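Working notes, beginning with the structure itself.
The values are calculated or read from the model by the stated rules, or taken from the named source; none is laboratory data. Model, not experiment: these values are computed from the prediction. Backbone-built Cβ (ideal geometry, glycine too); neighbour counts: all protein chains shown.
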Amino acid sequence: MKICIDAGMGLISSEKGGIYYLTPQFLYALYNVAPENQYIISGYFIKKYRSRIKHIQELLGTDRFSFKFLPLPSKIVNLVETKIKFPLIEPFLNKENISVYHGFSGGYLPYFKKIKTAYTIYDLSFEVIPELFKDTRFKHVRNSATRADVIITSSFSTKNDLIRFYNIPENKITVTYLGVNKNIFKPVEKKTAREFLKKYIPFEKYILTVATSIKRKNIPFLLDVFKILKEKGIEEKLLIIAGTDYLKDEILKLATEKKIERDVFCLTEVPVEKLPIFYSGAELFVFLSLYEGFGLPVLEAMSCGCPVITSNVSSLPEIVGEAGITVSPYSIEQSYTTILNTLSNENLKSDMRRKGIIQVSKFSWENCAKETLEVYKSLLC
């Protein structure tokens, strides 16, 4: 098969969320499972992301993948794809005898070339909580989802959202769970982790969370919960790994307004390979997001043996299973009570660590790649 894969948001976006890190892992697994196929990574990129393109080429390997990128100014991209509605991948496809085109919800599907298409949609957060999204960059998703031959998504929760919001036939949607790199995300002995973390944080005991946005990740709510926990006398600090310096500044501003700035610590630019040390050193990983299409951070935390408390909404209960504890991301009392009880119960935390490792074994990039390949094959039958 000759498969063309949209570079899209997952490879070259400036927004370093979970998709930014997991897309290369999916592609690498895809090649390892079926190296006999031809894989073309195509698309345009805004010139300022040139270094990201070079990094991706070095990471994936030009011996495994062909790369066809077109550098364009952002104004031209917006004009052509949002106003004229001409997908910039069309010129690539006209020159290649592609078997399957695999697009992602950050990009567009071909309009003119007759070709079998798979379309991955990781989440519909912009439909479920539209008040958090002021831009219009996802308006085309409904159109592409309707036109695609098959939709791939990463949870049954998102599958249900696709049926509810877009009226997509159930048999057109395939769920393929994402994976976690267990060579990186594995437990680190707590004493070793804390010794390493001395260079980053001036305390030992902490509750950990990660944030790539303020509102969707429910950070103001989490800070309110944490303030009550401090009033209840816990010694743990709150450590937040933020996606950007701007986000860090906003979080610390909120912490100051709530008068808990001495107990809230923010870090940015933590290398992926160092994240397991932070997960392993934490007393708890608390993730009270309002919506997740998959919930990669809870999977990473469990893979590192960290007990997880997360929201009882969207895909999160599905991913954490019985290994973690779920609470309402709208109930302050339930959240702080659950965290307080868990912090003081060593037997419970030990049981959550054990169950977490078992739960994570259900998710792998190899399985994700194999299931995606079966989708490609089904399109050609």
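At-a-glance table
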quantity	calculated
Sole exception among (1) among the acidic types (Asp, Glu); (2) without any contact (Cβ under 8 Å) to a residue 24 or more places away in the chain; (3) more than 20 Å from residue 270 (Cβ to Cβ) for residue 235, by number	(2)
Condition broken by residue 291, with the remaining ones in (1) crowded, with 24+ Cβ neighbours inside 10 Å; (2) in a helix (DSSP H, G or I); (3) not acidic (Asp, Glu) satisfied	(2)
Residue in region 296-309 that is without any contact (Cβ under 8 Å) to a residue 40 or more places away in the chain, in the same structural domain as residue 206 (by TED's automatic domain parsing), in contact with a helix residue (DSSP H, G or I) (Cβ under 9 Å, 6 or more places away or on another chain) and of a type in the set (A, V, I, L, M, F, W, C) present	yes
Residue among 201, 173, 184 that alone is among the aliphatic types (A, V, I, L, M) and at pLDDT 95 or above	173
Helices (runs of 4 or more DSSP H) enclosed by region 80-150 - at least 2 residues per element that are surrounded by 14 or more Cβ atoms within 10 Å (Cβ to Cβ) and at pLDDT below 90	90-95, 141-147
